[in-house]
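Take a look at the structure below.
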Amino acid sequence: MKKPHAQDFGADRTPHNNHGILFFRPNKAFVSWLKDYAGNRTICEVGSGTGHLLKMLQDVQQRCWGIEPTWDSTSEIKAALSQNREVLQVIPRPAEQTDVLTQITKDNTLVIFARPSHSLFVERTIDMLQKGVEVLYITLPENLYDYIDLGKYQSRGKKIKHNGTSQENEVVISLIK
């Protein structure tokens, strides 16, 4: 088996928001799987952090946007211009205060939480979604037991198989609101 290189995990991309910490580092095979899994749906990453996953999705021509309260739009525009790429579309506010989430339908958007902060915001954000919307919760295996981020939705989640990996071998949980 080939040992992964840093660029396999998108490590050559530069984070550009306030905190610059990367928690989820998928490889290119995982990102391709995610694009295929989304099908015709746009991906909304809630808690986009540095925009790392959004940039990798953008690289494979996947429609995507994000929500991140610490997002620095000015830095993103400068980074996109210097890297000659599209500007990432990220709403700079807490998810619970982002009412566009109520417009998402099961047919137009796949919602993703990739290694989110551990708090009630995951459950509260899912509360805002319409019935039938699919959510992917990507986390470390032990976090399924150490934290109850999904709250009342925890029992609805089903672990799904996926291609690719990440640097910390996260699991993918799918749930339908």
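Over 26 Å from residue 160 (Cβ atoms) and free of Cβ contacts under 8 Å to residues at least 40 places away in the same chain, is that true of residue 76? Against the criterion (over 26 Å from residue 160 (Cβ atoms) and free of Cβ contacts under 8 Å to residues at least 40 places away in the same chain), residue 76 does not qualify.
So, residue 48, is that one outside any loop (DSSP other than H, G, I, E, B), modelled with pLDDT under 95 and not acidic (Asp, Glu) or not? For residue 48, the condition - outside any loop (DSSP other than H, G, I, E, B), modelled with pLDDT under 95 and not acidic (Asp, Glu) - is not met. Has the range 51-62 got any residue that is modelled with pLDDT of 90 or more, under 17 Å from residue 111 (Cβ atoms) and of a type in the set (Lys, Arg)? Checking the range 51-62: not a single residue is modelled with pLDDT of 90 or more, under 17 Å from residue 111 (Cβ atoms) and of a type in the set (Lys, Arg).
Residues of the range 144-173 being of a type in the set (Ser, Thr, Tyr) and touching a residue at least 12 places away in the same chain (Cβ under 8 Å), which ones? Residues satisfying the conditions are 147, 153, 165, 166. Just a yes or no: is a residue in the range 139-147 under 19 Å from residue 49 (Cα atoms), hydrophobic (A, V, I, L, M, F, W, C), within 16 Å of the chain's Cα centre (by Cα) and modelled with pLDDT of 95 or more? Looking through the range 139-147, none of the residues is under 19 Å from residue 49 (Cα atoms), hydrophobic (A, V, I, L, M, F, W, C), within 16 Å of the chain's Cα centre (by Cα) and modelled with pLDDT of 95 or more.
Go through the range 59-80 residue by residue and tally those that are in a helix (DSSP H, G or I) and either closer than 16 Å to residue 114 by Cα or aliphatic (A, V, I, L, M) (or both). Result for the range 59-80: 3. Against the definition (free of Cβ contacts under 8 Å to residues at least 40 places away in the same chain, under 25 Å from residue 59 (Cα atoms) and in contact with a helix residue (DSSP H, G or I) (Cβ under 9 Å, 6 or more places away or on another chain)), how does residue 111 come out, yes or no? When the stated conditions are applied, residue 111 does not pass them.
From the set of residues in the range 44-65 that are touching a helix residue (DSSP H, G or I) at 6+ places or on another chain (Cβ under 6 Å) and among the β-branched types (Val, Ile, Thr), which is nearest to residue 102 (Cα to Cα)? Out of the qualifying residues, it is 46. Residue count for the range 66-89 satisfying the condition of being touching a helix residue (DSSP H, G or I) at 6+ places or on another chain (Cβ under 7 Å) and either closer than 12 Å to residue 45 by Cβ or among the aromatic types (Phe, Trp, Tyr) (or both): 3.
Number of residues in the range 149-169 that are within 23 Å of residue 26 (Cα to Cα) and in contact with a helix residue (DSSP H, G or I) (Cβ under 9 Å, 6 or more places away or on another chain) equals 11.
The values are calculated or read from the model by the stated rules, or taken from the named source; none is laboratory data. Only a predicted model underlies this, so the values are computations on that prediction, with no experimental measurement involved. Cβ atoms come from the backbone with ideal geometry, glycine included; neighbour counts cover every protein chain shown.
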